[in-house]
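Trainee: Just passing along the structure, written as structure tokens.
The values are calculated or read from the model by the stated rules, or taken from the named source; none is laboratory data. Owing to the predicted nature of the structure, the values given are computational and were not obtained by experimental measurement. Positions of Cβ are generated from backbone atoms using ideal geometry, with glycine treated the same way; all protein chains shown enter the neighbour counts. Ligands, DNA and RNA are excluded from the accessible area calculation, which covers all protein heavy atoms including side chains. Shrake-Rupley method; radii C 1.70, N 1.55, O 1.52, S 1.80 Å.
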Amino acid sequence: MKGSRALLVPPAALLGGCRGIQAALDPAGEQSRVIGSVWDLMLIVCGFMFALVLLFIGWMLWRAWRGRGLAQASEAAMSPHERGLDLTLRGWSGLIVIGLFVLATGSFLADRKLAALGAQPALHVRITAQQWWWEVEYQDADASQTLTTANELHLPVDRPTEIELKSADVIHSFWVPNLNGKTDLIPGRTNHIVLTSRRVGQLRGQCAEFCGLQHAHMALDVTVDDAAGFERWRQRQLQGARAPMTPAQKAGADFFVHSACAMCHTIAGTGAGGKAGPDLTHLASRRSIAAGTLPMNRGSLAAWIADPQSQKPGTNMPTVDLTPDQLNVLVDYLMALE
Ligand code: CUA
């Protein structure tokens, strides 16, 4: 899809430092490429104008230095110098009008193109932002094919995915820079955004609207899979939670469903059906904990459960009183939920 770039050599391609899993200058999606072409156009038009301004300043300084500057302009009504100045100013005004017209046209065309790209979504996902995490629901007309996860978004490559954006509390903003621009999630309102990734790989999204104490720790792991990989992930997520196998895992499961944990979290296929916090049915298959705050591993999970406030001050996750043994079996159980 290289041809979809409006310009042959995107200036962004020359800037090696602007690449990565969370970089608007490294577009991986159909939509972000359109936005990228507007950025390229702006850089070229504004860069050209800036270069002209510098050139004129240099010329003026040179004239002043040569003693033929403005101070020597004659008192006559329209000296040759003034006529030259008049012509230059008219040309300059014309150039500004042309520059703005090019920018406005480029922006308008990009907007039309973006609107057309979302016409035929292949997949529907609802994302509900909460302080400070993302609830992600894959929707389907067949209820048995819907699934819920948190703080991660899996997308099939080359397939447009329409995302319905809602908020459960305050205004947040959904932003996966490599795939598209920002869209706000506003309480009482539903917004939409379409993502079509053209590249398989790992990306990162981030809440882009200040939403409270842990706004910065409100990240979203984005994984773009090929069709088969995405289907494998989806099928596994559709299944209920893995049953506890070892005595420790069984004790952990028993503790979970009979403690405060079950009041806030769901683990499909168990008695835990709380909705206040993230669904944990396949917790261990995720890349991070607490919306990108900690990497997913045994140590992080134990630290997070033992004292959430020290890991993410302000989080709504309460500290549950646990003995070291209870913490151990609980982590054993949760780490088995792949
Ligand atoms: Cu949610 Cu910032």
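Trainee: Looking only at the range 169-190, how many residues end up being farther than 24 Å from D26 by Cα and away from the ligand (no atom under 11 Å from the Cβ)?
Mentor: Summing the residues that are farther than 24 Å from D26 by Cα and away from the ligand (no atom under 11 Å from the Cβ) in the range 169-190 gives 5.
Trainee: Taking the criterion of being within 25 Å of A143 (Cβ to Cβ), over 21 Å from the mean Cα position of the chain (by Cα) and more than 16 Å from the ligand (Cβ to nearest atom), would at least one residue in the range 214-227 satisfy it?
Mentor: yes
Trainee: For the range 114-126, does any single residue satisfy the condition of being within 16 Å of the ligand (Cβ to nearest atom) and touching a residue at least 40 places away in the same chain (Cβ under 8 Å)?
Mentor: Restricting attention to the range 114-126, the residues satisfying the condition of being within 16 Å of the ligand (Cβ to nearest atom) are none.
Taking every residue of the range 114-126 in turn, none turns out to be within 16 Å of the ligand (Cβ to nearest atom) and touching a residue at least 40 places away in the same chain (Cβ under 8 Å).
Trainee: Let me ask something else about it. Test each condition in (1) in the same structural domain as E162 (by TED's automatic domain parsing); (2) more than 21 Å from I163 (Cα to Cα); (3) touching a Leu at 6+ places or on another chain (Cβ under 9 Å) for I193 and report the one that comes out false.
Mentor: Every condition holds for I193 apart from (2).
Here's the yes/no breakdown for (1) open to solvent by 80 Å² or more (accessible area, probe 1.4 Å); (2) at pLDDT below 90; (3) among the small types (G, A, S):
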{"position": "A104", "(1), (2), (3)": "no, no, yes"}
{"position": "R112", "(1), (2), (3)": "yes, no, no"}
{"position": "G118", "(1), (2), (3)": "no, yes, yes"}
{"position": "L123", "(1), (2), (3)": "no, no, no"}
{"position": "Q130", "(1), (2), (3)": "no, no, no"}
{"position": "W133", "(1), (2), (3)": "no, no, no"}
{"position": "D140", "(1), (2), (3)": "no, no, no"}
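Trainee: Go through the residues of the range 155-169 one by one and say whether even a single one is open to solvent by less than 50 Å² (accessible area, probe 1.4 Å) and within 12 Å of the chain's Cα centre (by Cα).
Mentor: Taking every residue of the range 155-169 in turn, none turns out to be open to solvent by less than 50 Å² (accessible area, probe 1.4 Å) and within 12 Å of the chain's Cα centre (by Cα).
Trainee: Sticking with this structure for a sec: Taking the stated definitions as given, is A291 part of a helix (DSSP H, G or I), in contact (Cβ under 8 Å) with a residue 24 or more places away in the chain and under 21 Å from M218 (Cα atoms)?
Mentor: So A291 does not fit the description; no.
Trainee: While we're on this one: Cβ contacts < 6 Å: first residue assigned to a loop (DSSP other than H, G, I, E, B), restricted to the range 206-224; second residue open to solvent by less than 40 Å² (accessible area, probe 1.4 Å) and more than 10 Å from the ligand (Cβ to nearest atom), any location; separation 6+ or different chain. Result?
Mentor: L213/G314; Q214/K312; Q214/G314
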